[in-house]
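Enquirer: Pasting a structure here, questions to come.
The values are calculated or read from the model by the stated rules, or taken from the named source; none is laboratory data. Source: prediction; values computed, not measured. In this analysis, Cβ positions are derived from the backbone assuming ideal geometry, glycine residues included, and neighbour counts consider all displayed protein chains. When the accessible area is computed, the model is the full protein with side chains, heavy atoms only, and any ligands, DNA or RNA have been set aside. Shrake-Rupley method; radii C 1.70, N 1.55, O 1.52, S 1.80 Å.
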Amino acid sequence: RRAAEYMRLVVDLESGFRGYVLTRQPRYLRPFREASDHLPVVGDALENMVRGRDRQLALVQEVRRLVHQLMADKTRLIRAVEAGHTSEAMEYLEAGIGRAHMLGIREKMGDFDRLEQELRCLADAGSDDVVFLTTDNHANLVNQIYIDRFTDPETVSNELITGPIATDTLQVEVVNAF
């Protein structure tokens, strides 16, 4: 829910900016300003919600960095439009720079949502003490866990669940590892 609220505010930020630049009517700045005021609060709540889940926390922090940059760029362009200098803001819109930033933010939030969904599925299945392990070479990581298991008498895990986390086929990953 927090993630959806955060994204709604980001969309309000973008919409308010576009509306103002295209019409130069100050009423369109209202959603921009409200979103600017609320994004830090909702972002903090989102970070607190995922504290202890490193992958999700990293995604939220990256999204917040991207949104902060987006807000700074748009605030600077709004000030230029208010001063009567519209060309840079119009070029920004026409070049699709804001749209490109929004796509990057949406992609990261999509990754966040997928992780959240995975965690919900694991919780619904009754899985406890889940640790997500990632690396550039998934085959090597699994081999390392297997080898480490024999050097440590304590149980590491009762299950090893693998899934569609690899970015390439096992054969390509193994070849690339060496």
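Enquirer: Only one residue in P26, P31 is within 28 Å of F112 (Cβ to Cβ) and open to solvent by 40 Å² or more (accessible area, probe 1.4 Å). Which one?
Expert: Testing whether each residue is within 28 Å of F112 (Cβ to Cβ) and open to solvent by 40 Å² or more (accessible area, probe 1.4 Å) leaves just P31.
Enquirer: Just to be sure, is L57 of a type in the set (A, V, I, L, M, F, W, C), under 18 Å from the mean Cα position of the chain (by Cα) and either surrounded by fewer than 18 Cβ atoms within 10 Å (Cβ to Cβ) or in a helix (DSSP H, G or I) (or both)?
Expert: On the way: of a type in the set (A, V, I, L, M, F, W, C): yes; under 18 Å from the mean Cα position of the chain (by Cα): yes; either surrounded by fewer than 18 Cβ atoms within 10 Å (Cβ to Cβ) or in a helix (DSSP H, G or I) (or both): yes.
For L57, the condition - of a type in the set (A, V, I, L, M, F, W, C), under 18 Å from the mean Cα position of the chain (by Cα) and either surrounded by fewer than 18 Cβ atoms within 10 Å (Cβ to Cβ) or in a helix (DSSP H, G or I) (or both) - is met.
Enquirer: Would you mind stating whether V21 is under 14 Å from the mean Cα position of the chain (by Cα) and either closer than 20 Å to I105 by Cα or hydrophobic (A, V, I, L, M, F, W, C) (or both)? Give the derivation first.
Expert: On the way: under 14 Å from the mean Cα position of the chain (by Cα): no; either closer than 20 Å to I105 by Cα or hydrophobic (A, V, I, L, M, F, W, C) (or both): yes.
Here the answer is no, as V21 does not meet what is asked.
Enquirer: Same structure, new question: Can you name the residue in segment 1-23 that is aliphatic (A, V, I, L, M) and open to solvent by less than 80 Å² (accessible area, probe 1.4 Å) and is also nearest to L93 (Cα to Cα) among such residues? Walk me through it before giving the result.
Expert: At the first step, the residues of segment 1-23 found to be aliphatic (A, V, I, L, M) are 3-4, 7, 9-11, 13, 21-22.
With the extra rule that they be open to solvent by less than 80 Å² (accessible area, probe 1.4 Å), the set shrinks to 3-4, 7, 9-11, 13, 21.
On the way: A3: 26, A4: 25, M7: 20, L9: 19, V10: 16, V11: 15, L13: 14, V21: 9 Å.
Within segment 1-23, the match that is nearest to L93 (Cα to Cα) is V21.
Enquirer: Moving to a separate point now. Could you list, ordered by first residue, the pairs with Cβ atoms under 8 Å in which the first is in segment 54-79 and free of Cβ contacts under 8 Å to residues at least 12 places away in the same chain and the second is assigned to a helix (DSSP H, G or I), at least 6 apart or interchain?
Expert: L57/E47; L57/V50
Enquirer: Pairs please, first residue from segment 86-112 and open to solvent by less than 60 Å² (accessible area, probe 1.4 Å), second anywhere and among the small types (G, A, S), Cβ atoms under 7 Å, 6+ apart in sequence or on different chains.
Expert: Cβ pairs passing all conditions: A89/A80; Y92/G98; M109/A3; F112/A3.
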